[in-house]
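Enquirer: A single structure is presented below for examination.
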């Protein structure tokens with residue numbers, strides 16, 4: 001599968017797609033803050049991003065056979081495996097520096113049937129609590145290469 005990384009001038013084909021891609025709700029303020037957090041704490045700079053509203057995300061989801069109808073979850077694709085809800089959030093945490101990796105490993109030890117309802121409750125209320133914008137996040141020039149859309 002060929003992935004393109006968009007620049008201001010033209011798409012740059014990538015011969016090897018990134019091994020870790022975070023698909024986030026591009027109009028959600030909480031999601032925007034989460035992306036900013038990952039950018040600050042992912043010292044290896046090996047997590048790439050695309051908004052769920054983008055054509056790139058739609059292609060990636062279709063490639064993995066994941067339905068986009070009423071999508072209410074962050075999606076993390078790592079080593080060609082797709083993760084959603086609390087699994088996605090905690091697997092992203094494993095890519096972060098500091099204590100976040102340890103926190104994520106502990107979180108993954110908690111059964112999904114406990115984690116996912118909490119995730120779903122937060123996801124269902126995120127616009128009410130944190131707000132919503134009419135347009136997707138625009139990355140700064142310094143991090144633009146890590147955005148696939």
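Enquirer: Tell me, 43, 25 in order of fewest to most beta-carbon neighbours within 10 Å?
Expert: Listed from fewest to most nearby Cβ atoms, that is 43, 25.
Enquirer: Take peptides 120-129, 54-63 and line them up by average Cβ neighbours within 10 Å, highest first, as a rough protection proxy.
Expert: 54-63, 120-129
Enquirer: Using per-residue counts of other Cβ atoms within 10 Å, averaged over each peptide, order 28-40, 107-119 from highest down.
Expert: 28-40, 107-119
Every read-out reported here was derived from the displayed coordinates using simple, explicitly stated rules and does not represent laboratory data. On a predicted model such as this, the values are computed, not experimentally measured, just so you know. Here Cβ is always computed from backbone atoms with ideal geometry, including for glycine, and neighbour counts include all displayed protein chains.
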